[in-house]
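Structure, as structure tokens:
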Amino acid sequence: MLIEIPAVFSSEEAAGLRSRLEEANWRDGAGTAGHVAARAKTNLQLADADPLGLEIGAAIVERLAATPRFVAASLPVRILPPRFNLYAGGGAYGRHIDSAVFSAPGTRERVRSDLSATLFLSEPETYDGGELVAEFGMTREQVKLPAGHLLLYPANSLHQVMPVTRGTRIAAFFWIQSLVREQVRRTMMLELDDSIQALAARDSNDPEVVRLTGLYHNLLREWAAT
Ligand SMILES: O=C(O)CCC(=O)C(=O)O
Ligand SMILES: [Fe+2]
């Protein structure tokens, strides 16, 4: 299931980030893919240690922590530092599944990728192609979001970025280890949270809101693993 987290950054904020990134030190992205995935990858990326990438990446993580729907949908325990990519001139990333485990830079810590995330930073009408396409058995979902919006998808899904045939697509991408590893459980937690929020908006004193909120936390206690 693909989940959109709208307006993590406003379109003005995204434009500000984009104009700084347009001047960045972009390199061939194939170097950072696994052996199989590298063959399918024709984009540019910032080096992991690029100071601009580190600065904007930290701002993204800080914003995400203050974005309730992101927290509700991903239940993050660890967020890997965002990376940055640029597709233009037919650049694409063919069908692949992301690596399962990453090293957190500068630490001995390992992070399991439960969710993959793309933060779109280019406005969709400024480029052709560049859709993120994820396959779930027989169904295929295709997404291209406004600048500043985030796409979350299960990291075990087969996906690709379609060739960008006009303009430039700049994005941040990263992985999240969730407190709740199983996607079906995370989806149920998000639905329960959505219902509680909707009930609370109608009547915040409703005793059923208290009961359901308790149930939410008790379910999380059963399922959470750090
Ligand atoms: O650019 C994107 O939206 C996703 C990139 C991607 O799939 C990857 O780097 O593994
Ligand atoms: Fe990927």
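The values are calculated or read from the model by the stated rules, or taken from the named source; none is laboratory data. Worth saying up front: this structure is predicted, and the values here are computed from it rather than measured. So basically every Cβ, Gly included, is an ideal-geometry build from the backbone, and we count neighbours across all protein chains shown. These area figures cover heavy atoms from the full protein model, side chains too; ligands, DNA and RNA do not enter into them. Shrake-Rupley method; radii C 1.70, N 1.55, O 1.52, S 1.80 Å.
Values as computed for the structure displayed
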| read-out | value |
| --- | --- |
| Those residues of segment 141-159 which are within 11 Å of ligand 1 (Cβ to nearest atom), part of a strand (DSSP E or B) and either outside the structural domain of SER10 (by TED's automatic domain parsing) or within 14 Å of the chain's Cα centre (by Cα) (or both), in sequence order | VAL143, LEU150, LEU151, TYR153, HIS159 |
| Evaluation of ARG211 against (1) more than 16 Å from ligand 2 (Cβ to nearest atom); (2) open to solvent by 50 Å² or more (accessible area, probe 1.4 Å); (3) in contact with a helix residue (DSSP H, G or I) (Cβ under 9 Å, 6 or more places away or on another chain) (one fails), failing number | (3) |
| Qualifying positions in segment 208-226 - of a type in the set (D, E, K, R) and touching a residue at least 40 places away in the same chain (Cβ under 8 Å) | none |
| All positions within segment 180-202 that are of a type in the set (Val, Ile, Thr), part of a helix (DSSP H, G or I) and touching a Leu at 6+ places or on another chain (Cβ under 7 Å) | ILE196 |
| Residue tally, condition open to solvent by less than 30 Å² (accessible area, probe 1.4 Å) and either in a loop (DSSP other than H, G, I, E, B) or in contact with a Phe, Trp or Tyr (Cβ under 8 Å, 6 or more places away or on another chain) (or both), over segment 94-118 | 10 |
| Some residue of segment 181-188 being in contact (Cβ under 8 Å) with a residue 40 or more places away in the chain, open to solvent by less than 50 Å² (accessible area, probe 1.4 Å) and among the basic types (Lys, Arg) | yes |
| Residue that is modelled with the lowest pLDDT [pool: residues in segment 32-50 that are open to solvent by 40 Å² or more (accessible area, probe 1.4 Å) and under 12 Å from PHE84 (Cα atoms)] | THR32 |
| Check on LEU121, over 19 Å from LEU21 (Cα atoms) and open to solvent by less than 50 Å² (accessible area, probe 1.4 Å) | no |
